[in-house]
Structure formats: C-alpha cells, structure tokens
Ligand SMILES: Cc1cc2nc3c(=O)[nH]c(=O)nc-3n(C[C@H](O)[C@H](O)[C@H](O)COP(=O)(O)OP(=O)(O)OC[C@H]3O[C@@H](n4cnc5c(N)ncnc54)[C@H](O)[C@@H]3O)c2cc1C
C-alpha cells in the first residue's frame, strides 16, 4: 500500500495546477492519476496536418488572472506566447457581424439595424418586466425576438442540444453584458460596445498548441504523474484507491457522474449525481482556410451541424486550415480527422446548483475535495480552473 497526503484524480488544468501548487509549497506527498496517455484534459493539443490542433476545441488564454498566468509562465515563459485582440464573428443574414451581436448592430445594412433595434426596444428588460428563470425566456427578455430567433435560440439549441427551458440563468455571467443604452450608443457611434466575459485579449502559444504548457507541467511532476491509469474502485471511508493507494485527501477533478461506478453512495447523493447533465463535443479538422479575419466564427444556422469554426490559420503561426466544434448529439460521421470529447460542457440545468452543492459538501466531509470544471460542474475556463486549484491547494495545506 502506497500512502500519500493527496491523491489527485485527473491531470487537466485543475489537477495539474493543484499538483504544481503542492510542489511549490514543498509538499511531495502526492500522486496524479490520469486516464489518458497525456496530461492536459480538454486543453490537450495534437499535431494535425503539420500544425497543432486543440483537441478539446478552441482554447485561448485570458489575460486577467495574474496568479494563473504567473504559474503558466513558469512553464511556458511569456515570450513563447503571442497576444491577440479577439476577432470573433457571427454568421447571420448572409454576412459576418462581430460578437457580441447586440453591441455591433452598426455592422449590418441600415434596414437590418432597424429590424434589430426595434425588436430590442420591445424586449422585456427594456420595458421593465421581471427577469425570467429559464434560459429560453431570458434570451427573448434580454435581447428581443429578432436576435433570439435568428441567433441566440438556434445557436444555443445547437450548442447544448437540450431544451433551452431546462437551463437556468445562474451561469449567464459567461455571456457578454451589453445594456440597451450601449446598444443605442454603438449604433450612433458605429463602434463596438459592452463587456465581454473573457478573451477580449488573449494569448496563444507561438510555436505550439495550447496543450504544450500543460504537458510541461505534467513533465515537471516526473513519476508523481501516472498517465493511462485505469481507476476501478474507491473505498470512501478509508480513502483507499484501487486497494493500493491510501490518501489523506482525494482531490477530484473527474466528473462526479463516474463515481457511482467506483464506490457505494447513499441514495440522496446518488440521485443528486444522476441529475447532473453534460454534453460532448466533436472537433473535426478541415484543411481549407476560411476567408475571414476572425479567430473564430459562431454558426447559428441549424442546417449546419457545427456551432463554431476555429480559424487556425488566423491564430496559429504558420498553420493552415480550420476546425469545427459540434455537439456530439448533432454530429454525423466524420469525413476527416476527428477528436471526440465525451465530457465537454457541464450543463447549468435548473436545480443544478442545489445538487452540486449537496454533492460537494457530502464528499468534502469525507476528505474528498471537488475542484475544476467537473468538481464544481461549472463550465469555467482554464485560467479560472488554475486560480481555483491554487486556492484549494493553499486551503488544504493550511488545514
Ligand atoms: C469547446 C471548449 C472550448 C473551451 N475554450 C476555452 C478557452 O478558450 N480558454 C480557456 O481557458 N478554457 C476554455 N475551455 C475550458 C477548459 O477546457 C477548462 O476550463 C479546463 O479544461 C478545465 O480543466 P479541468 O482540469 O477542470 O477539467 P478537464 O480538462 O476536463 O480535465 C479532467 C481530467 O480528468 C481526466 N479523467 C476523466 N476521467 C478519469 C478517470 N476515470 N480517471 C482518471 N482521470 C480521468 C480527464 O482525462 C482529464 O484529463 C473550453 C472548453 C471547451 C469544451
């Protein structure tokens, strides 16, 4: 039996950042168990057609979380990254308009601007109606019927492939914030308005894919990182993994929905876990360049399977081609290189906050700490995942 202070399940950004924080603090008593042959989780990259491709979808490093950046720059110094001002667009009415649509209506022809402005002016939020509790109603309330029907409803039906009335509104800090006043100002000034939640400016590696920095962190852990690990059972009371590793704390970054296969859970927790919903994403490579200056394009047309195109030739130095992201439920047989991500988005369904709160508290009481995208069931970005992992490691070391 090997005894460690921390056994970390999963070597995505969260597990790796937690491990790196332990090392920084002089704690070597840990192991990181990873199912895949490589570290990085959704942030891994592979070489495709002579250049890197991010297998979990388009991944860009936001610039605002200083502690997360400091950690990543220890492994991939700042001068190995190139900074970009985001250009992302939406395909709508036969043209490409910059994101967020409501802050860039001035890019349409005048008659289209009028359509959208008139519709937003009638939106519930402008007329002082109370905020609805479900995502589909919220879209109409916030943006009016035109943007709802031509962009936000079809785009989100594609992205989530779930009834949008099943989604709550507690995750909407992930969406751009543009007030009605800013909508009007943007049209009058012919200038983008509003605040983006992330990636207004971002970094992407000059000579690698986004996966490289995570690969280097894992490499620095030497034999404490165990790839291609097949997790079979967890003894909850004694915190023994596969009858072979005894841990003071288990740090869980893998989906809670995998746990019922590993251990016995009480009925209430089993039911809470069963209520958690996730979606999968297929990433398909296409060698053609796309005639656009955008780094990525949102595709709301439901006649197209994919919901987003990533124009690799516009952010990956020396590369050609693009890739598409498609919800696994909408995806058809691939006609080229495909990467399958079974666990891509944790979904903020109604009642999720209560379920995940109960799960996290119950496990924490048994020395099992849930962190990251799957431990919190929030679709956080990697810089947020790193920040939260650093804080969690400090708390555990101090306890
Ligand atoms: C399409 C898409 C686009 C995104 N774009 C961005 C972006 O532009 N910028 C950004 O910062 N973030 C982005 N993200 C979010 C980013 O991917 C996550 O924030 C990050 O990967 C979270 O890290 P994590 O370690 O919590 O989870 P994950 O990356 O999912 O890592 C979990 C790890 O657990 C492992 N695991 C699972 N089951 C087991 C098991 N049974 N045993 C052992 N290990 C197991 C997995 O293999 C994986 O390595 C995007 C995500 C998606 C899906």
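Bear in mind these aren't lab numbers, they're just calculated from the coordinates by the rules spelled out. It should be emphasised that the depicted structure is a prediction, and the values quoted were computed from it without experimental measurement. Cβ placement follows ideal geometry from the backbone for every residue including glycine, while neighbour counts extend to all protein chains displayed.
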Check your understanding: Roughly how tilted is helix 13-24, in degrees to the nearest 10 and between 0 and 90, from the longest Cα axis of the chain?
Key -> 50
**Study point:** Per-residue Cβ neighbour rank within 10 angstrom, fewest leading, 175, 114, 390
**Key:** 114, 175, 390
**Study point:** Value of relative contact order over the stretch 95-189, rounded to a whole percent, pairs C-alpha under 8 Å and six or more apart
**Key:** 33
Point to revise | the stretch 350-399-the stretch 207-285 distance, computed between alpha-carbon centres (Å) | key: 13
Practice item. Could you tell me what percent of the DSSP beta bridges with both partners in the chain are antiparallel, to the nearest 5? Key: 65
Exercise for review: Please check which bits of the stretch 274-293 a label hung off residue 366 would reach, taking the label as a point 7 Å along Cα-to-C-beta and the cut-off as backbone N under 18 Å.
Suggested key: 274-276
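Would you order 383, 62, 361, 335 from fewest to most other beta-carbon atoms within 10 Å of each residue's own beta-carbon?
335, 361, 62, 383
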Review point. Label 7 Å along Cα→Cβ of residue 73; the stretch 1-27 residues with amide nitrogen under 18 Å?
Key: 21
Exercise for review: Working from the alpha-carbon coordinates of the stretch 316-398, get Rg over Rh, Rh being the Kirkwood radius.
Suggested key: 1.10
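Calculate how large, on average over all directions, the projected area of the Cα convex hull of the stretch 150-250 is; give the answer in nm² to one decimal.
Result: 12.9 nm².
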Exercise for review: For a footprinting-style exposure proxy, rank 30, 339 by other Cβ within 10 Å, fewest first.
Suggested key: 339, 30
Practice item. Give me the angle, in degrees from 0 to 90, between the Cα long axis of helix 180-189 and the longest principal axis of the Cα atoms of the chain, rounded to the nearest 10. Key: 60
Review point. Kirkwood Rh over Cα pairs of the chain into Stokes-Einstein at 25 °C, 0.890 mPa s: D in µm²/s?
Key: 110
Practice item. Determine the relative contact order of the stretch 12-99: mean sequence separation of Cα pairs under 8 Å and six or more apart, normalised by residue count, in whole percent. Key: 16
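So what is the calculated 222 nm ellipticity per residue for the chain, using -39500 (n - 2.57) for each DSSP H run with n of 4 or more, over all residues, to the nearest 500 deg cm²/dmol?
-9000 deg cm²/dmol
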Revision key, fill the gap. With the 8 Å Cα cutoff and a minimum separation of six or more residues, the chain has a relative contact order in percent of 26
Practice item. Report the FRET efficiency, 1/(1 + (r/R0)^6), for residue 332 and residue 27, where r is their Cβ-Cβ distance and R0 is 30 Å, rounded to 0.05. Key: 0.05
Check your understanding: Along the principal axes of its C-alpha atoms, what lengths does the stretch 95-189 span, in descending order and rounded to whole Å?
Key -> 37, 30, 20
